[in-house]
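Below is one structure, written out as structure tokens; comments come after it.
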Amino acid sequence: MADSAKVIEILKKIIADVDEQKLFLTELDNVIGDGDHGINLARGFDAVNDVIGTFEGKDIGTILKNVGMKLVSTVGGASGPLYGTAFMKAGAFLNGKTEMDMNDFIGMMDVAIEGIMKRGKAVKGEKTMLDAMIPALDAMKASYEADSDAKKALDAAVAAAEEGIEYTKTIIATKGRASYLGERSIGHQDPGATSFTLMLKAVQALA
Ligand code: ADP
Ligand code: MG
């Protein structure tokens, strides 16, 4: 599915896509939060971009751990520690690996999501990034178990994440800043669910 060089290529796409989508993500956060999600993430991935040259020749675990540490130290807001934790957990899971297959990717997503849930004390259905992540992981697992086809599994994951974004429009936020809005958060999609889907799409496009 991906070696270290491919992971670096995917990271470069994420860096470019976050930068391109930062105003959109920030607009989404403007409606139900404080309007900094895109700017926060772009700052973090800019910092990753500054050190991406040092990732060459490193194992996937080391690369992802370094991404996580950069995000924690630069992103700020709720999403910094959450995405940072996710990448650090993913890195620990893939420690020493220079190749990952679909089972590795599924296992990595599992520990990353578990890390986010512990750190953010959140579950599915609270209008957060988890509402795209958990369905994406479930769909990916089910598809891969049925067909053993990595491409199909990633397509299923992206479709489920996109449905997850739509689902966030229908529910009240009970975690993060959007929870201050209560009922008024209904009708608006979650910025974090949107940014996660953008990252997953970069994997789908290149892996
Ligand atoms: P902040 O809310 O501190 O301004 P950001 O705007 O960068 O941080 O990120 C907001 C996103 O973080 C939300 O859209 C949501 O997806 C996610 N989020 C917030 N709190 C939690 C939580 N406890 N668990 C999981 N995700 C969360
Ligand atoms: Mg915000």
Check: What length, rounded to one decimal in nm, is gained on full extension from Asp3 through to Asp155, with 0.36 nm per residue of separation minus their alpha-carbon distance?
Finding: 52.7 nm
Next item on the list: Work from the charge dipole of the range 152-207 (Cβ charges, +1 for Lys and Arg, -1 for Asp and Glu, about the Cα centre) and give the residue of Leu200, Ser185, Ala157 farthest towards its positive end.
Entry: Ser185
Check: Taking H as built 1.01 Å from N, whose amide H comes closer than 5 Å to the amide H of Ala2, not counting residues under 5 places away?
Finding: Met100
Note to self: Probe of 1.4 angstrom, ligands and nucleic acids ignored: what's the accessible area per residue over the chain, in square angstrom?
What the structure shows: 44 Å²
Margin query: If I take every Cα pair under 8 Å that is 6 or more residues apart in the chain, average their sequence separation and divide by the length, what percent do I get for the relative contact order?
Written below: 22 percent
Margin query: Taking the 0 to 90 degree range and rounding to the nearest ten, how far is the long axis of helix 37-51 tilted relative to the main principal axis of the chain, both from C-alpha atoms?
Written below: 20 degrees
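Rank these residues by their accessible area, most exposed first, probe 1.4 Å: Thr197, Thr62.
Details: Thr197 5, Thr62 40 Å².
Ranked from most to least accessible, the order is Thr62, Thr197.
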Item checked: Label-reachable residues, the range 185-205, where backbone N falls under 20 Å from a point 7 Å from Ile171's Cα toward its Cβ -> 185-200
Margin query: In whole percent, and with a 1.4 Å probe on the protein chains, what portion of the accessible area of the range 40-140 is carbon and sulfur?
Written below: 53 percent
Next item on the list: Could you state how much accessible area Leu11 has, in square angstrom rounded to the nearest 10, with a 1.4 Å probe and all protein chains kept in place?
Entry: 10 Å²
Note to self: Explain nothing, just compute: Karplus ³J(HN,Hα) = 6.51 cos²θ - 1.76 cosθ + 1.60, θ = phi - 60°, for every residue of the range 172-185 in order, whole Hz, x for Gly and Pro.
What the structure shows: 7, 6, 10, 10, x, 4, 4, 5, 5, 7, x, 3, 5, 7
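Quick check: at a probe of 1.4 Å, how many percent of the accessible area of the range 142-187 sits on carbon and sulfur atoms? Don't jump to the answer; show the numbers that get you there.
On the way: 1380 of 2680 Å².
Here carbon and sulfur together make up 51 percent of the probe-accessible area.
The values are calculated or read from the model by the stated rules, or taken from the named source; none is laboratory data. Quick caveat: nothing in here was measured; it's all calculated off a predicted structure. Note that we place each Cβ from the backbone using ideal geometry, even for glycine, and neighbour counts take in every protein chain shown. SASA here: full protein model, heavy atoms, side chains in, ligands and nucleic acids out. Shrake-Rupley method; radii C 1.70, N 1.55, O 1.52, S 1.80 Å.
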